[in-house]
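> Sending over a structure as structure tokens; questions will come in a sec.
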Amino acid sequence: MGFGVFGEAPVFFTIFAIVVIGIVCAIIYSIATGASTAIKNSNSPLVSNRATIVDKRSKLLNTDHHVTEYYATFEFGDRTRLELKIPEQITGTITVGDQGVLSWQGTRFKGFAREIYR
């Protein structure tokens with residue numbers, strides 16, 4: 001009662017099916033998590049508060065296509081901190097130590113109005 005040349009085929013197809021189901025589940029989870037975060041951010045209030053930039057960093061996501069995300073850490077008067085992903089255009093216009101008014105909604109950066117001292 002062998003399968004001849006294809007004796008291992010049922011095992012292969014079982015493992016293949018498990019891998020494909022795992023990949024599909026990971027994709028669905030990623031989409032659901034992203035949608036949940038977007039909905040949560042949209043339902044959060046828009047908040048503005050005085051803050052100081054205490055750190056900036058970048059995260060290289062894809063070396064082949066040079067895809068980079070940029071982050072800034074803001075510190076408030078009560079010493080609490082918040083790190084937000086910021087647009088690439090903003091990263092060149094702000095520096096550690098800048099003070100101003102940060103606006104954000106949930107985990108979404110909305111803007112930073114830097115105070116300029118003369």
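The values are calculated or read from the model by the stated rules, or taken from the named source; none is laboratory data. Keep in mind it's a predicted model, so treat the numbers as computed, not measured. Virtual Cβ from ideal backbone geometry, glycine too; neighbours counted across all protein chains shown.
> Quick one: in the stretch 65-118, which of the residues that are among the polar types (S, T, N, Q) and assigned to a strand (DSSP E or B) is nearest to the chain's Cα centre (by Cα)?
Residue satisfying both the conditions and the ranking: T68.
> Something else about it: Since G106 meets every condition but one in (1) surrounded by 13 or more Cβ atoms within 10 Å (Cβ to Cβ); (2) under 20 Å from I116 (Cα atoms), which condition does it not meet?
(2)
> While we're on this one: Within the stretch 12-22, can one find any residue that is at pLDDT below 85 and aromatic (F, W, Y)? Quick ask: steps written out before the conclusion?
Step one: filter the stretch 12-22 for residues at pLDDT below 85, giving 12.
Of the ones still in play, those that are also aromatic (F, W, Y) are 12.
Yes, there is a match, as at least one residue in the stretch 12-22 is at pLDDT below 85 and aromatic (F, W, Y).
> A further question on this structure: Out of the stretch 51-72, which residues are surrounded by 10 or more Cβ atoms within 10 Å (Cβ to Cβ) and either among the aliphatic types (A, V, I, L, M) or closer than 16 Å to V101 by Cβ (or both)? Explain how you work it out, then say what you get.
Our first condition is that a residue be surrounded by 10 or more Cβ atoms within 10 Å (Cβ to Cβ); within the stretch 51-72, this holds for 51-59, 61, 67-72.
Scanning the stretch 51-72 gives A51, T52, I53, V54, L61, V67, A72.
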